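Input: a single structure, listed below in structure tokens.
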Amino acid sequence: MKTEISRNSYQPDRHYSGVYQQQGRMLTDADWNEQVDIGKQRQDEVLRDAIGSGSPKDGGIIGSKNQLQWGTVYVDGIRGELRPSHGNMDTPFQFDQQADIPLVTSAMAMSAMAMSAMAMSVRQL
């Protein structure tokens, strides 16, 4: 999606904590956008520090029998969702039935299932 902004003034290496309005100064979209970028970076850092990577105990992608299931996972504090392309979250997990996964062949699905089974067995060691 295209957008038209006057300029991108966000500079993460400067470690600004906020953007403040000055009396008599014109408001610009760059000021607002920079404040949003600062807030987003701080939120991402907090999530990465507090959550890190993993799967929640309830609603996560690791089921009760250490099998993959539809659910939520966090990678570096960023939330991801493993969901079926059709049906509901109660259907059994099938690698080739994931939403947002392009061009999966049955060989790729079998290979991925073998890799996840191997990862589960290593995790239990």
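The values are calculated or read from the model by the stated rules, or taken from the named source; none is laboratory data. Keep in mind it's a predicted model, so treat the numbers as computed, not measured. For neighbour counting, all protein chains shown are included, and Cβ atoms are generated from backbone atoms with ideal geometry for every residue, glycine included.
Would you please name the residue that is modelled with the highest pLDDT, looking only at residues in region 68-105 that are touching a Ser or Thr at 6+ places or on another chain (Cβ under 9 Å) and of a type in the set (S, T, N, Q)? Checked region 68-105; the qualifying residue modelled with the highest pLDDT is 72. Every condition in (1) among the basic types (Lys, Arg); (2) over 30 Å from residue 12 (Cβ atoms); (3) modelled with pLDDT of 80 or more holds for residue 57 except the one numbered (3).
Quick one: in region 10-19, which of the residues that are touching a helix residue (DSSP H, G or I) at 6+ places or on another chain (Cβ under 9 Å) and exposed (fewer than 12 other Cβ atoms within 10 Å of the Cβ) is nearest to residue 78 (Cα to Cα)?
Pass one, region 10-19, residues touching a helix residue (DSSP H, G or I) at 6+ places or on another chain (Cβ under 9 Å): 10-12, 16-19.
From the residues that got through so far, the ones that are exposed (fewer than 12 other Cβ atoms within 10 Å of the Cβ) too are 11-12, 17-18.
Values: 11: 22, 12: 19, 17: 21, 18: 23 Å.
In this case the residue turns out to be 12.
Pairs are defined by a Cβ separation below 7 Å, a sequence spacing of at least 6 or placement on different chains, a first member in region 95-106 that is surrounded by 11 or more Cβ atoms within 10 Å (Cβ to Cβ), and a second member that is at pLDDT 65 or above and in a loop (DSSP other than H, G, I, E, B); the pairs so defined are 97/85; 98/85; 99/83; 99/85.
Restricting to region 33-65, count the residues that are under 25 Å from residue 3 (Cβ atoms) and surrounded by 14 or more Cβ atoms within 10 Å (Cβ to Cβ). Reasoning before the result, please.
As a first pass, look at region 33-65 and keep what is under 25 Å from residue 3 (Cβ atoms): 33-45, 47.
When the remaining residues are screened for being surrounded by 14 or more Cβ atoms within 10 Å (Cβ to Cβ), the result is 33-35, 37-38, 41, 47.
So the answer is 7.
Per the conditions (1) at pLDDT below 80; (2) in contact with a strand residue (DSSP E or B) (Cβ under 9 Å, 6 or more places away or on another chain); (3) of a type outside the set (A, V, I, L, M), the sole criterion not satisfied by residue 65 is (2). Remark: pairs (first residue in region 9-24, outside any loop (DSSP other than H, G, I, E, B); second residue modelled with pLDDT of 85 or more; Cβ separation under 9 Å; 6+ apart in sequence or on different chains) = 12/37; 12/38; 12/41.
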